[in-house]
1. Which number in (1) in contact (Cβ under 8 Å) with a residue 24 or more places away in the chain; (2) over 22 Å from Leu18 (Cα atoms); (3) in a helix (DSSP H, G or I) marks the one condition that Glu222 misses?
2. Name the pairs: first residue in the stretch 327-346 and touching a residue at least 12 places away in the same chain (Cβ under 8 Å) and among the basic types (Lys, Arg), second residue in a helix (DSSP H, G or I) and open to solvent by 10 Å² or more (accessible area, probe 1.4 Å), Cβ to Cβ under 8 Å, at least 6 apart or on different chains?
3. Open to solvent by 20 Å² or more (accessible area, probe 1.4 Å) and modelled with pLDDT under 95: does that describe Glu210?
4. What tally of residues in the stretch 204-215 results from selecting those that are in a helix (DSSP H, G or I) and within 20 Å of the chain's Cα centre (by Cα)?
5. List the number of the failed condition for Cys68; all other conditions in (1) buried (at least 21 other Cβ atoms within 10 Å of the Cβ); (2) under 20 Å from Val149 (Cα atoms); (3) touching a Gly at 6+ places or on another chain (Cβ under 9 Å) hold.
6. Kindly list the number of the only condition in (1) more than 30 Å from Glu259 (Cβ to Cβ); (2) open to solvent by 10 Å² or more (accessible area, probe 1.4 Å) that fails for Cys178.
7. Is it the case that the stretch 3-16 has a residue that's among the charged types (D, E, K, R), at negative phi and modelled with pLDDT of 95 or more?
8. Return the pair list, or none, for Cβ contacts closer than 8 Å from residues in the stretch 21-42 that are more than 12 Å from Leu216 (Cα to Cα) to residues that are of a type in the set (Lys, Arg) and surrounded by 18 or more Cβ atoms within 10 Å (Cβ to Cβ), at least 6 apart or on different chains.
Amino acid sequence: MSVSLGIPTVRGDEPRPLAPRRRSRKIMVGNVPVGGDAPVSVQSMTTTPTADVNATLQQIAELTASGCQIVRVAVPSQDDADALPAIARKSPIPVIADIHFQPKYVFAAIDAGCAAVRVNPGNIKKFDDKVGEIAKAARDAGVPIRIGVNAGSLDKRLLAKYGKATPEALVESALWECSLFEEHDFRDIKISVKHHDPVVMIQAYRLLAERCDYPLHLGVTEAGPAFQGTVKSAVAFGALLSQGIGDTIRVSLSAPPKEEVKVGISILESLGLRQRGLEIVSCPSCGRAQVDVYKLADEVTAGLKDFPAPLRVAVMGCVVNGPGEAREADLGVASGNGKGQIFVKGQVVKTVPESQIVETLIEEAMRLAEEMGIDIDEDGSAAGPQVIVG
C-alpha cells in the first residue's frame, strides 16, 4: 500500500490561496478592475515633483516596467494640478491624484482625466461640506474616490474621542466619510486605513472588512527604510491577504519606488496570489556546505537578473537537502566536492566543475525559456528574481 506524502504530482502547480477572497464590490481605476473577483493589484507613488511632467512620466515608465499597475502622484500645489492633464493622458498605467488640504484640487484632478482621486478627509479644509459637489463631479466623470485615512492626520474630532489613532478611530473616520458620499448615492469608493504599526493596521483592516463591502487598499504608512519597511509590510499584508482581505497594495518604503513594486509583487507571489516569476531557492549555508553558497547564489541571481520566465531555480550547497530541492525545482544544482550536479525538471542532465555551475545554470535557464516560447532579450522582464534564503 502506498502512502501519499502530499507532494504535488504535477511540477509547476501554484499553491492555492490560504483563504477565499473577501467579497467586495468592484470598481474600475482606469482600465484596472479593483475588488470583486479582480486580482490584487500593486501600486506605488512617484517621488518627482508632479509639476515636472517629463520627470514624472519617466518615473511612471520605470514603475510600469517594474510591474506597477496603478500609480499615485502628489498634488500639493496649483502647478502640480496644472500638470495632471498631460500626465494622465500620457501615462501607460492609471494615475491617481493624491489630494490634501485643498478641495479645489479634487475637481482639478477629475477634470484632468485622472483615473481616480485619493482624498484624506482628516486634513482637507471643510471636506465634509464639499462631499456633495465632489460626488457629483466624480460620478459625472466616472472617477472613483479613495478615502485614505492616515494615523498621522486623523480628524481632530476623532482624536479627541479616542485619545489616539486606534483601529476603531481609523475605521470610524473612513466609514463616516463613506456615509457622506452614500447620502449622495455615490459608492465608487475604495478605502485605506493606514498606520505605521503593523498590529494596529491589521486590527483596523479586519474591523473595516467586517463593516463594509468596499474594496480595500492595504498599506503600512511610513513603514521605514527598505529592510524594516519590507518586513513590516510583508507581515501586515501577509496576515490580511492570507485571510482574503485586501484588493490593492502599496509597500511604503524610504527607497526608490520601483523597490516598492518589487516587494509588493514578491509578497503576492509568496502567497499564491500572483503567478510566480523567477524564484531562486538557496540554502542558508552551514558546516555541511562544500561550496561558498552565498557567492554562488549571488552570482546566479545576478546572471538571471530580470529573467522573464517563471522558473524555480534551486542553488544548494550540500548533499543533505541539495538533491531533493534541486530535483523539485525546474532547474537546480546540488554542489559538493568541487562539482555540481545540474538538475532539469527533476533529472540530472550533467555534472560540471564548480567553476562552471553559474554559466551552466544560465544556459539551461535560457533553453527552458525558449522551450516555453518566451523570447529572451537584453532588457529581460519587468520584475527581477525573488531570492528565498532558507
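The values are calculated or read from the model by the stated rules, or taken from the named source; none is laboratory data. Model, not experiment: these values are computed from the prediction. Virtual Cβ from ideal backbone geometry, glycine too; neighbours counted across all protein chains shown. For the accessible areas, the whole protein counts, side chains as well, though only heavy atoms, and no ligand, DNA or RNA atoms are used. Shrake-Rupley method; radii C 1.70, N 1.55, O 1.52, S 1.80 Å.
1. (3)
2. Filtered contacts from the stretch 327-346: Lys339/Glu354.
3. Numbers: open to solvent by 20 Å² or more (accessible area, probe 1.4 Å): yes; modelled with pLDDT under 95: no.
So Glu210 does not fit the description; no.
4. Within the stretch 204-215, the first condition is being in a helix (DSSP H, G or I), and the residues that meet it are 204-211.
From what's left, within 20 Å of the chain's Cα centre (by Cα): 204-206, 209.
Residues in the stretch 204-215 being in a helix (DSSP H, G or I) and within 20 Å of the chain's Cα centre (by Cα): 4 in total.
5. (2)
6. (2)
7. Keep residues of the stretch 3-16 that are among the charged types (D, E, K, R), which gives 11, 13-14, 16.
In the following step, the residues that additionally are at negative phi were identified as 11, 13-14, 16.
Next cut, modelled with pLDDT of 95 or more only: none.
No; the residues of the stretch 3-16 include none that is among the charged types (D, E, K, R), at negative phi and modelled with pLDDT of 95 or more.
8. These pairs meet every condition: Val29/Lys190; Asp37/Arg21; Pro39/Arg274; Val42/Arg250.
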